[in-house]
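One structure is given here, and the rest of the page talks about it.
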Ligand code: NAD
């Protein structure tokens, strides 16, 4: 069991069929005690319960520093340690540059980028005291190819920011044995993408992917497991593309 007795917080893990939910199930399967953290408490608790016993569902908005501190305090109260953080909570908006309103720019940057910073700021001191940990940050292929599939330019910018933040934190906290790595998924079938693709566009996209299919949430979950576990013990600051070869 790759994550035996590790405590892992996964943000945005309460969606019906998202990457966070798949990652929670994968981590639980590999022995972790999982904290499902999301906006809606009932949904978070429901997903935590679905993982079996010994897991926790908590409500916190990743843009709310106080709510995050309360959630981290609850996790410490319950388990006494935090080994893994997956910064998965994210939102997108399919608009073009000239259509981006100031409040939408702020909203997209806030959840995707500042949320990643705030969660990391809350968890890193715990990991420092413990002598190490692993943080996995969800970026996107949109950061690498300038969007164009389902995210707007502000989403691409936020996810590119996540890559910079990941590398900066990896450099800063390497001496504390805290590894920080990023995932850049391609097009994964989840709630975030479900409503945004017509059949014709979908086929065109699939034709452009060497592996000939959209990604599954489990494809990303397995990559997250690798980065969270000791299998990747000498990797920090890397970007792992989970995109079926989309960028070749
Ligand atoms: P999803 O919409 O299925 O799940 C996102 C979850 O984040 C939801 O449960 C939502 O409630 C939660 N959330 C949103 N705002 C929050 C906030 N402020 N605080 C706490 N939780 C919040 O999304 P998904 O498709 O599973 O995507 C997961 C991550 O992967 C996101 O960061 C996304 O940008 C990234 N990603 C997804 C794809 C894809 O194709 N689906 C591709 C590349 C990157």
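Derivation of every value follows stated rules applied to the coordinates shown; laboratory data play no part. Everything quoted here is computed from the prediction, not taken from an experiment. Cβ placement follows ideal geometry from the backbone for every residue including glycine, while neighbour counts extend to all protein chains displayed.
Using only Cα atoms, find the angle between the long axis of helix 153-173 and the longest principal axis of the chain, and express it within 0 to 90 degrees, rounded to the nearest 10. The helix 153-173 is inclined about 30 degrees to the chain. Using the rule -39500 (n - 2.57) for each DSSP H run of four or more residues, divided by the residues of the chain, the 222 nm mean residue ellipticity is -13500 deg cm²/dmol.
Please give, to one decimal in nm, the separation of the simple spin-label points placed at residue 202 and residue 110, each 7 Å out from Cα toward the Cβ. Each label point lies 7 Å from its Cα, and together they span 3.3 nm. Taking 18 Å as the cut-off, the amide N atoms of region 22-43 that come nearer than this to a point 7 Å along the Cα-to-beta-carbon line of residue 4 belong to 27-34.
Could you please state, rounded to a whole Å, how far the C-alpha centre of region 1-51 is from the C-alpha centre of region 144-184? Result: 22 Å between the Cα centres. Tell me the angle of helix 217-228 to the major Cα principal axis of the chain, expressed in degrees between 0 and 90 and rounded to the nearest ten. The two axes meet at around 40 degrees.
Backbone N atoms of region 140-175 closer than 15 Å to the 7 Å Cα→Cβ label point of residue 239 belong to residues 140-148, 155-170.
For the peptides 81-91, 174-184, the ranking by mean Cβ contacts within 10 Å, running from highest to lowest, is 81-91, 174-184. Each peptide in 2-8, 68-74 receives the mean, over its residues, of other Cβ atoms within 10 Å, and ordering these scores from highest gives 2-8, 68-74. Angle check, please: helix 65-79 long axis (alpha carbons) against the longest principal axis of the chain (alpha carbons), in degrees 0 to 90, nearest 10. Computed tilt is about 50 degrees. Based on C-alpha pairs under 8 angstrom that are at least 6 apart in sequence, region 34-167 has a relative contact order of 24 percent. Largest first, the extents of the alpha carbon coordinates of the chain on the three principal axes equal 49, 38, 38 Å. A Förster radius of 22 Å, combined with the Cβ-Cβ distance separating residue 216 from residue 168, puts the computed FRET efficiency at roughly 0.10.
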